[in-house]
Ligand SMILES: *Cc1c(COP(=O)(O)O)cnc(C)c1O
C-alpha cells in the first residue's frame with residue numbers, strides 16, 4: 001500500500017489564494033498594506049485583547065518580548081528544557097544566560113520547581129531576584145503542544161519575585177482556561193508578553209510569521225522596533241537600533257484567510273483527539289497524554305507515552321518501522337540543555353524532562369486527517385509497538 005500519512009501539514013481550504021492574489025494585485029507585498037492590520041484585528045478579536053503586533057516569526061516575537069522585558073547582557077532568564085530550541089535562543093541573542101527549570105506532567109514548566117529555584121537558589125533584595133549575582137529578569141513559559149501551563153501558580157511566583165512572564169504560545173493559539181482565576185483567558189494573554197507563531201507546522205500558518213501581545217504602550221514600541229525604529233516615515237531619522245521583524249502584507253493575506261478557518265481547525269483537532277483516545281483506550285504499550293483539566297486546549301499535537309517497561313526499542317527504530325507503514329511520527333525534542341550551544345548551562349532538578357524525552361512519540365495531527373486514517377495510524381502503532389515489545 002502506498003499510504004503516507006504526514007505528521008502535520010498546513011490546510012488551505014479557505015480564501016488563501018484569493019487574499020494573496022488580492023495583495024499581489026494591489027501591489028502591497030512588504031511591511032505595509034491593509035492585510036497586516038486586518039490580521040492584527042482578527043487576532044485581537046479572537047484572543048480578546050486590544051494589543052497585538054504581527055511580526056516575522058515566533059522567534060522574532062520572543063526576541064522582541066525579551067528586549068521589552070529589559071533582558072540585557074549578563075541577566076538570567078528561566079527557561080524550559082523540553083521544547084523547541086527557538087524558545088531559548090533569543091535569550092542568547094540578548095547575551096543573557098538561560099537556567100533550565102524542569103517540566104511537570106503537562107510538559108510545561110513545573111511551578112513547584114520554579115518556586116523552589118527562586119526561594120532556595122536565589123536571593124531577593126531591593127525587589128530584584130539575583131542568581132549568583134545576576135539579575136533574574138524573566139521566565140519563558142511554553143504552552144507545549146497546545147497544553148496550558150499552570151498559569152495561576154506561575155503568575156503568583158513571578159509576582160513575588162518581580163519576574164516578567166513571557167508566554168511562548170506559539171503552539172497554543174486558541175487554548176484557554178474554562179475554570180479558575182483565568183476562566184475565559186487565552187494562552188498568551190495572561191503573562192506580560194505572549195508570543196505566537198504562524199510557521200508552516202502550527203495550527204494556522206502565514207508561511208512564516210508571528211505576533212506579540214503585551215500592554216498597549218509596549219506593543220506600540222514593538223511595532224516601532226520591528227520596522228527599523230523609524231522616527232519619521234519620510235526622512236531617515238532613528239533614535240534606537242531597530243529590527244526588520246515586521247510581518248509582510250503577503251504573509252498577512254494568508255493569515256487573514258487562515259484566521260477565518262481557525263475555529264474549524266480547532267474543532268477538528270479536538271474531535272480527532274477523541275478518536276485517538278478511543279483507539280488507544282486500554283492499550284498497555286502506550287497511552288495518549290491528556291491535556292490540562294480546567295482548560296479547553298487547541299489540541300495542536302498528540303503525544304503517546306510509551307510504556308518503557310515493555311517497549312525498550314530506541315525511538316529511531318519505532319519511527320522507522322512506522323515510516324515503512326506510511327505513518328509519519330516523530331520523537332519529542334531533544335533536551336535543549338543537551339544541545340551543543342547550551343552544554344554547561346545551569347539546569348535545575350531535571351527529572352520529568354529527560355523522562356518524557358525518551359518516551360514521547362508524536363502521531364499525525366493534520367486537520368485534514370480522516371477518521372479512517374486515524375484508525376489506520378492507531379492500528380499500525382499498535383502493531384509496530386506490539387512487534388517490538390519485550391516478552
Ligand atoms: C514554532 C516554535 C517557535 C518558533 O516559531 P517560529 O515562527 O518558527 O520562529 C518557538 N517556540 C516554540 C515552542 C515553537 O514550537
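Remarks
- Cα gyration tensor shape for the chain, rounded if a/c is under 1.5, else prolate or oblate: oblate
- Cα→Cβ-extended label distance, 7 Å offset, between residue 121 and residue 281, nm: 4.2 nm
- Computed packing ranks the peptides 117-126, 235-244 as 117-126, 235-244, most packed first, by mean other Cβ atoms within 10 Å.
- Here the contact order of the range 1-98, divided by its residue count and restricted to Cα pairs under 8 Å and six or more residues apart, works out to 19 percent.
- For a paramagnetic label modelled on residue 95 (point 7 Å from Cα along Cα→Cβ), amide N atoms under 19 Å away belong, within the range 329-353, to 342.
- When only Cα pairs below 8 angstrom with a gap of at least 6 residues are kept, the range 262-388 shows a relative contact order of 34 percent.
- Ordering 373, 25 from the fewest to the most neighbouring beta carbons within 10 Å gives 25, 373.
- Using just its DSSP H runs of length 4 or more, each adding -39500 (n - 2.57), the chain gives a mean residue ellipticity at 222 nm of -10500 deg cm²/dmol after division by all residues.
- Mean separation of Cα contacts under 8 Å (6+ apart) over length of the range 16-259, as relative contact order %: 28 percent
- Each of 19, 177 was scored by other Cβ atoms within 10 Å of its Cβ. Listed from fewest to most, they are 177, 19.
- Extending 7 Å from the Cα toward the beta-carbon at both residue 18 and residue 305 defines two label points whose distance is 4.5 nm.
Read the figures in this text as sums done on the coordinates, not as results from a lab. All values reported here derive from a predicted model rather than from experimental measurement. Neighbour counts are summed over all protein chains in view; Cβ atoms, including those assigned to glycine, are modelled from backbone coordinates with ideal geometry.
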